[in-house]
Amino acid sequence: MGNLSVSDAPSINVYPRFRMTLKVTLNSNKPRDRGGSTNSNRTGFQLTWALCKLLELHKGGEDYVMIFDYHDDIAIVDSASNPSAIEFYQIKTKDPGTWSLSDLLRSRKSKKKNLLSIIGRMYDSTKTFKDHAKSVNFISNAKFNFDLSSIPRSLNSPKICLNELKDGERRKVADKLKLEHKSVTLVPYEATTHFSITDLSVRDHENHAVSYVLQFLEHIGGVKEFQVKAVQQAIAAQIRAKNNYEWNIDGYENIIRYKAITKEFLDKIVNSNRSYADLSSRWTEVSQVLTSEGVHFSIRKEIGTRWKEYEVLRMDEANLTIQQLRVNINTALNKHKGNNADSLMGYIITVKRELCLDVANTEHFLTAMILIEYYEERKL
């Protein structure tokens, strides 16, 4: 299959001899005004896909950095310290329907100017990052209805490369890029441009992601039921924070700090969760103590619910509010060590007074926190 030119001009070298490092390119080429973080429905699916992709990358064992809503919906570089390759991902949903080539070539309009087509934006990443760009990818839940050179239609193809399209279809792409980018050739863009179908459910993607987390934890060795939700929530919280950060950023290190998740971070999440004991079985013992002290069933039930919530929340080291409250609780517990309270609940009340918190709406949650921290340090 020959490479298509959009004019009779001779072939030119689209990449200059001087090659900026990927660090410099990321920092010196500020992203367009994307506005992606404001569409919560689309972003929810996108960020769930990112979580699943993170786990896939981590299982591979190689270094990686995932960058959110900066130069594209998602960008992945091959090293935190010395990156040399980058991959770009646009994640879009369509329900119902399929994607035609016309859909991807259609220019979007705004009040101020015409915006690039999806194909044009994908090419823009290749043009900006030149030979650092390993691939550009369009990911969707919907199928692609393209005319291919090998088969009549692509509806049953989970992944398609641009160079698989018929010559006439590829010429349409080339003509569009001539209009949007003044490009004279598809080389090497057509070999690194991919369209893929994800198996994530549009309507139930968060629950779908649970199976990915479970498989990931089983892969790294052993899994406890309470850790699945904890790991998912901890990673998802970081993804949302990085995706939604909208302040101006200067410097590669700050791009990593504010807009990216690294392999080192996920290692920390995994190791942190391994260090926590499963306390769900201990709740039975605590509940029996509270029963013997005459604590009403409805209160015990509410404390039990909050106990399960806190088991998960305490493992999120990025939740500074919870982590600081843990410190304060343990300080109060140490201060009142050896307290001669007549009951466990009497002791809990003493610790609550020490904390001096307004707990009108969180009283049972605070009780559960104190009980868990008390058990962890002193073994009921």
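The values are calculated or read from the model by the stated rules, or taken from the named source; none is laboratory data. Computed from a predicted model, the values in this text were never measured in an experiment. With ideal geometry, Cβ positions are generated from the backbone for all residues, glycine too; neighbour counts draw on all protein chains shown.
Does LEU355 satisfy the condition of being under 23 Å from ALA234 (Cβ atoms), among the hydrophobic types (A, V, I, L, M, F, W, C) and surrounded by 12 or more Cβ atoms within 10 Å (Cβ to Cβ)?
no
Among the residues of region 349-368, the ones that are modelled with pLDDT of 90 or more and within 33 Å of the chain's Cα centre (by Cα) come to 5 in all. Would you say ILE261 is surrounded by 13 or more Cβ atoms within 10 Å (Cβ to Cβ), out of contact with any Phe, Trp or Tyr (no Cβ under 7 Å at 6 or more places or on another chain) and part of a helix (DSSP H, G or I)? No. So in region 322-337, with the set limited to residues that are more than 14 Å from GLU377 (Cα to Cα) and without any contact (Cβ under 8 Å) to a residue 24 or more places away in the chain, which one is farthest from the chain's Cα centre (by Cα)? Of everything passing the filter in region 322-337, GLN324 is farthest from the chain's Cα centre (by Cα).
Let's see how each residue does on (1) among the aromatic types (Phe, Trp, Tyr); (2) outside any helix (DSSP H, G or I); (3) in contact (Cβ under 8 Å) with a residue 12 or more places away in the chain:
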{"site": "GLN90", "(1), (2), (3)": "no, yes, yes"}
{"site": "LEU104", "(1), (2), (3)": "no, no, yes"}
{"site": "LYS112", "(1), (2), (3)": "no, yes, no"}
{"site": "TYR123", "(1), (2), (3)": "yes, no, yes"}
{"site": "THR126", "(1), (2), (3)": "no, no, yes"}
{"site": "PHE129", "(1), (2), (3)": "yes, no, yes"}
{"site": "LYS134", "(1), (2), (3)": "no, yes, yes"}
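None of ASP278, ASP316, ASP342 is within 21 Å of GLN232 (Cβ to Cβ) and loosely packed, with under 13 Cβ neighbours inside 10 Å except ASP278.
Can you tell me which residue within region 144-156, out of those that are surrounded by fewer than 18 Cβ atoms within 10 Å (Cβ to Cβ) and of a type in the set (Gly, Ala, Ser), is nearest to TYR189 (Cα to Cα)? Top of the filtered list is SER149.
Scanning region 234-258 for residues that are crowded, with 16+ Cβ neighbours inside 10 Å and of a type in the set (S, T, N, Q) yields GLN238, ASN243. Within the bounds of region 262-282, is there any residue that is in contact (Cβ under 8 Å) with a residue 60 or more places away in the chain and touching a strand residue (DSSP E or B) at 6+ places or on another chain (Cβ under 9 Å)? Yes, region 262-282 contains a residue that is in contact (Cβ under 8 Å) with a residue 60 or more places away in the chain and touching a strand residue (DSSP E or B) at 6+ places or on another chain (Cβ under 9 Å). Being of a type in the set (A, V, I, L, M) and outside any strand (DSSP E or B) is the filter; apply it to region 179-200 and report the residue that is nearest to LYS92 (Cα to Cα). Applying the filter and picking the extreme gives LEU200. Residues of region 206-215 include at least one that is among the hydroxyl-bearing types (Ser, Thr, Tyr), loosely packed, with under 15 Cβ neighbours inside 10 Å and closer than 15 Å to GLU56 by Cα. Scanning region 158-172 for residues that are part of a strand (DSSP E or B) and among the aliphatic types (A, V, I, L, M) gives ILE160, LEU165.
Yes or no: region 158-178 includes at least one residue that is more than 23 Å from LYS92 (Cβ to Cβ) and surrounded by 19 or more Cβ atoms within 10 Å (Cβ to Cβ). No, that holds for no residue. With respect to the conditions (1) surrounded by 15 or more Cβ atoms within 10 Å (Cβ to Cβ); (2) not in a strand (DSSP E or B), HIS219 falls short on a single one, namely (1). Answer yes or no: is there a residue in region 124-146 that is assigned by TED's automatic domain parsing to the domain that holds LEU177, over 23 Å from ILE67 (Cβ atoms) and in contact with a His (Cβ under 8 Å, 6 or more places away or on another chain). Scanning region 124-146 turns up no residue that is assigned by TED's automatic domain parsing to the domain that holds LEU177, over 23 Å from ILE67 (Cβ atoms) and in contact with a His (Cβ under 8 Å, 6 or more places away or on another chain).
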